[in-house]
1. Once R0 is set to 35 Å, what does the formula 1/(1 + (r/R0)^6) return for the Cβ-Cβ distance between Lys169 and Lys265, expressed as a FRET efficiency to the nearest 0.05?
2. Given the Cα atoms of region 154-195, and with Rh set as the inverse mean 1/r over their pairs in the Kirkwood sense, what is Rg to Rh to two decimals?
3. Can you give me the distance in nm between label points at Asp153 and Glu233, each placed 7 Å from the Cα along the Cα-to-Cβ direction?
4. Net charge near Gly144, counting Lys/Arg +1 and Asp/Glu -1 over other residues with Cβ under 13 Å of its Cβ?
5. To the nearest 20 Debye, how big is the dipole of region 107-155 about its Cα centre, given +1 on the beta carbon of each Lys and Arg and -1 on that of each Asp and Glu?
6. At a 10 angstrom cut-off on C-beta neighbours, averaged per residue, how do the peptides 230-237, 279-286 rank from highest to lowest?
7. Give, in nm to one decimal, the length gained when the segment between Arg121 and Lys290 is fully stretched (0.36 nm per residue of separation minus the Cα-Cα distance).
8. Once Lys and Arg get +1 and Asp and Glu get -1 on their Cβ, which of Ala223, Leu196, Leu209 lies farthest toward the positive end of the dipole of region 186-234?
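The values are calculated or read from the model by the stated rules, or taken from the named source; none is laboratory data. Bear in mind that the values here come from a model prediction, so they are computed numbers and not experimental data. Heads up, the Cβs are rebuilt from the backbone with ideal geometry, glycines too, and the neighbour counts pull from every protein chain shown. Each accessible area value is taken on the protein alone, full model and side chains, heavy atoms only, with ligands, DNA and RNA left out. Shrake-Rupley method; radii C 1.70, N 1.55, O 1.52, S 1.80 Å.
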Amino acid sequence: MIQFMRRKDSLQTWYWMFVLAVAFGMTTVTVQTGWQSSLYAQGKKDKAAKAEEAPAEEEAAPAEGEEAPAEEKPAAAAPPQPGRSYLMWIIVASGPFGACIAVESFVLVALISMNFMAFRRENFLPAALIESFEQKINARDYQGAYETAKANDSYLGKVLTAGMARLSKGQEEAMAGMAEAGDEESMYLEHKMSYLGLIVATAPMLGLLGTVQGMIDSFRVIAESETSPKPKELAEGIMTALVTTMEGLVVAIPAIFAFGLFKNKIGKLQFEVGMVSEGLMGKLFASAKKPATGAAPASATSAAPANPST
C-alpha cells in the first residue's frame, strides 16, 4: 500500500512537472517571437528614418555657382543622457532564455534548502529510536520494539519495521525484508535528487540556446545591412550570447556542487543505517536465543504481527 501511494505521488509530481514545462515552453516561445518581431520592426523603422534623412541632406546641398550659406554657429551640445545600470544592462541582454535560467535559479535555491533539511542525520538515524529500540530488546519486549520502529518515520524506522514484519519466517527473511525496504528508500532519495540533476543538465543548455540566438541576431544584422554595420548594432546579439552563457554556468556550477555533496552524504548515511539496522536485528535474535530468567517471555518470532500490512 505504501509503495502504491508513493508511486501515485511520483506520477502526480511528474504529471504537473510536464504540464508546467509545456506551459513554460509555450510562454518562452511566445515571448521570444514577440521580442524578435519588435526588434525586426525597430530595425525597419531605423532604415526608413535613414532613407528619409538622405534626400533631405541632398536638397540642403548648394547648387553649382551659388554661394554656400553662411555657417551657423553650432548649437549647444545636449547634456549626456545617463546610461543604463549594470543590472538593467544584464536584464535587457538576457532575453527570454535568461528569464528561464532565472526561474531555474529560484527552483535550485528551493531544492537545496529542502534537501538540506531532509538529508539531516536525525531523519536517517534518530538517536532516540536506537536507544528506545535497544531498551525494548533488553527487556525482551519484542512487540514493543516493533511498535517503536513502526511509529518512527525515519529511514532506520522503516527498515527495522520491514525486517520485524518478517520475523515469523526466520532471520534470513527478516534481513531480506530490511534490504528491500532499504532499496525502496534509496529509490525515493534518488528520485528527489533527480530534480537537482535536471537543473545541472538544463541550465547550461539554456545558456547555449541563448548563445545561439544572440549569434543569429548578430548575423541577421550583417545580412540585412546594405553597408558595413556599426559595432553597436552587432554588440546587442553578442551581448545576449555572452550574458546567457554566463547565467547558465552561474546556475549550473552551484547545482553540480550541491548534487555531489548531497549524493555523498546520502551514501554515507545509507551505509550507517545498514550497519546499525543489522546490528540491532542481530541483538534481537541473540536476545531471543538466550534462556529467560523467571517467567518465559514471548519469542522474537512470535512477536511479529500476524498481518504486517494492517
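1. 0.55
2. Here the Rg-to-Rh quotient is 1.10.
3. The modelled label-to-label distance comes out at 6.3 nm.
4. Values: positive: Lys136, Arg140, Lys150; negative: Glu134, Asp141, Glu147.
Residues near Gly144 contribute 0 overall.
5. Dipole magnitude for region 107-155 comes out near 100 debye.
6. Working: 230-237: 13.2, 279-286: 16.9.
So the peptides 230-237, 279-286, ranked by packing, come out 279-286, 230-237.
7. Result: 57.5 nm gained on full extension.
8. Comparing the listed Cα positions along the dipole, Leu196 ranks first.
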